[in-house]
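Presented below is the structure to which this report refers.
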Amino acid sequence: MIAQAESPRRLGRRPVLDGLRGLAILLVMLMHTDVLHNGYVGVDLFFALSGFLITSLLYEEWDRDGVIRLQRFYARRARRLLPALGLLIVLALIANAVCYRLTGWPFALKALASAAFVSNWLAATGHASSLGSFNPTWSLAQEEQFYLLWPPVLLLVLRRGAGPRQVAILLAAAIVLLLALAPIGRGHGYGIYYSPAARSAELLAGCLAAVAWRHRLARLPECALARLPARMRSVAAAAATGLRSTLAMVLVCLLMGVLLDRALPSVEAYLSACAIGIGLIVLLLGAPASLPARALSLGPLRFLGRISYGLYLFHLLVRNLVYHYLPAGSVYANAALTFAISIGLATVSWRLVESRLLHGSASVRQRKLRERQRHHLQPARAS
């Protein structure tokens with residue numbers, strides 16, 4: 001029984017994480033439409049989620065199959081990322097030809113930088129404004145570089161027999177090193193806000209949270225809990241659930257404080273948001289019935305989370321077009337129009353392009369696997 005209780009947690013499909021992703025994109029869009037000043041910290045929630053989810057899935061594959069199939073991982077990432085990015089380039093090309101010449105560098109240069117996933121380095125060296133409507137691709141580039149490096153490193157350390165604590169120590173050391181290399185200062189300077197070192201630290205912080213959550217590194221060992229009387233164990237479990245719910249509410253309040261504090265330096269804002277996001281992920285997974293978890297699991301937020309990638313890519317182009325044609329419109333009217341058009345585009349992109357390429361190929365593989373299984377079973381039945 002103890003061995004079963006100590007087995008690693010499995011992530012599965014968690015509605016609250018879809019809702020948290022929906023909240024993140026909502027914050028970013030509110031910032032770009034001039035409604036919410038510090039909404040940019042939604043990007044930090046994305047980074048925390050990406051590190052957490054990718055690491056959890058890689059660990060589950062390792063535990064299930066004894067291997068991490070990098071080729072399959074990268075093929076799935078390509079199917080997930082490239083269709084919507086290609087659609088953004090096409091939409092921007094049409095806007096550039098039909099509506100008005102987009103600001104920043106020549107169109108071909110911006111599209112090439114986005115497709116090559118180097119926008120984060122260009123933004124960090126002072127060229128964020130030159131990317132124009134392609135600016136959101138800087139965080140996409142940051143995540144793609146993370147995808148290229150972290151899975152092979154994790155596979156290497158797992159093959160060498162590293163346990164969860166060793167992996168956690170490795171991640172903690174890398175985070176400390178990256179934060180030491182990251183620039184510091186007040187304001188929103190390009191080098192500070194777009195720092196690849198600081199943003200990599202945020203992604204690895206999500207990885208560290210995944211290892212700690214999955215392998216229960218931050219809780220009492222089951223052998224110690226087993227020594228408690230049964231009634232005391234049940235009381236401790238109920239208290240732990242209540243504590244997680246309370247702490248989640250506290251973190252929500254802290255996040256609100258970050259969002260509304262205009263005087264907070266950008267470094268403190270985005271690192272605080274990442275830490276809060278990591279805490280929320282872990283706490284909400286352990287308290288799915290809490291008020292914050294129920295709020296984040298609402299259908300509209302989960303829907304925004306499902307189409308968040310397309311929303312993130314398209315919304316700045318849409319916002320720029322809205323302000324081009326309605327320069328004197330009110331902030332809230334322009335924001336509402338931007339949201340409506342962006343959600344429509346992202347929904348079409350998800351249903352007609354992204355999901356078909358992502359899930360369609362998976363369905364083909366599953367069908368072929370079932371056919372092979374039936375083929376192998378037929379001789380046995382005949383005999």
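The values are calculated or read from the model by the stated rules, or taken from the named source; none is laboratory data. No experiment lies behind these values; they were computed from the predicted model shown. Don't worry about glycine lacking a Cβ; one is built from the backbone with ideal geometry, like all the others, and counts go over all protein chains shown.
Key figures for this structure:
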read-out: Residue count for region 264-282, restricted to those that are within 17 Å of the chain's Cα centre (by Cα) and farther than 18 Å from residue 179 by Cα; value: 4
read-out: Only listed residue being over 20 Å from the mean Cα position of the chain (by Cα) and either small (Gly, Ala, Ser) or surrounded by fewer than 16 Cβ atoms within 10 Å (Cβ to Cβ) (or both), chosen from 170, 156, 131; value: 156
read-out: Lone qualifier among 49, 36, 45 - being under 29 Å from residue 268 (Cα atoms), out of contact with any His (no Cβ under 6 Å at 6 or more places or on another chain) and not in a helix (DSSP H, G or I); value: 36
read-out: Residues (charged (D, E, K, R) and either outside any helix (DSSP H, G or I) or under 17 Å from residue 43 (Cα atoms) (or both)) located in region 267-301; value: 268
read-out: Top-ranked residue in region 322-339 [being touching a residue at least 40 places away in the same chain (Cβ under 8 Å) and touching a helix residue (DSSP H, G or I) at 6+ places or on another chain (Cβ under 6 Å); ranked as surrounded by the most Cβ atoms within 10 Å (Cβ to Cβ)]; value: 338
read-out: Residue in region 318-334 that is among the small types (Gly, Ala, Ser) and either at pLDDT 95 or above or in contact with a Ser or Thr (Cβ under 8 Å, 6 or more places away or on another chain) (or both) present; value: yes
read-out: Residue that is hydroxyl-bearing (Ser, Thr, Tyr), under 18 Å from residue 339 (Cα atoms) and within 18 Å of the chain's Cα centre (by Cα), where the choices are 74, 40; value: 40
read-out: Any hit, region 43-50, residues being buried (at least 20 other Cβ atoms within 10 Å of the Cβ), at pLDDT 95 or above, within 18 Å of the chain's Cα centre (by Cα) and of a type in the set (Ser, Thr, Tyr); value: yes
read-out: Residue check for residue 39: in contact (Cβ under 8 Å) with a residue 60 or more places away in the chain and either crowded, with 19+ Cβ neighbours inside 10 Å or in contact with a Gly (Cβ under 9 Å, 6 or more places away or on another chain) (or both); value: yes
read-out: Residue within region 349-361 that is within 28 Å of residue 42 (Cβ to Cβ), surrounded by 14 or more Cβ atoms within 10 Å (Cβ to Cβ), modelled with pLDDT under 95 and β-branched (Val, Ile, Thr) present; value: yes
read-out: Residue match in region 179-199 (condition: more than 22 Å from residue 29 (Cα to Cα), polar (S, T, N, Q) and in contact (Cβ under 8 Å) with a residue 24 or more places away in the chain); value: no
read-out: Wholly within region 96-180, helices (runs of 4 or more DSSP H) carrying at least 3 residues that are of a type outside the set (Phe, Trp, Tyr) and out of contact with any Pro (no Cβ under 6 Å at 6 or more places or on another chain); value: 107-115, 137-159
read-out: Where residue 125 falls short, out of the listed (1) hydroxyl-bearing (Ser, Thr, Tyr); (2) out of contact with any His (no Cβ under 9 Å at 6 or more places or on another chain); (3) closer than 17 Å to residue 319 by Cα; (4) surrounded by fewer than 23 Cβ atoms within 10 Å (Cβ to Cβ); value: (3)
read-out: Region 247-271: number of residues that are in contact (Cβ under 8 Å) with a residue 60 or more places away in the chain and within 19 Å of residue 195 (Cβ to Cβ); value: 8
read-out: Flag for residue 282 being touching a residue at least 60 places away in the same chain (Cβ under 8 Å), of a type in the set (Val, Ile, Thr) and touching a Gly at 6+ places or on another chain (Cβ under 8 Å); value: no
read-out: Residue identified as in a helix (DSSP H, G or I), among the charged types (D, E, K, R) and surrounded by 18 or more Cβ atoms within 10 Å (Cβ to Cβ) among 18, 63; value: 18
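Conditions (1) over 21 Å from residue 14 (Cβ atoms); (2) in contact (Cβ under 8 Å) with a residue 40 or more places away in the chain; (3) in contact with a helix residue (DSSP H, G or I) (Cβ under 7 Å, 6 or more places away or on another chain), marked per residue:
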residue	(1), (2), (3)
51	no, yes, yes
61	no, no, no
73	no, yes, yes
102	yes, yes, yes
108	yes, no, no
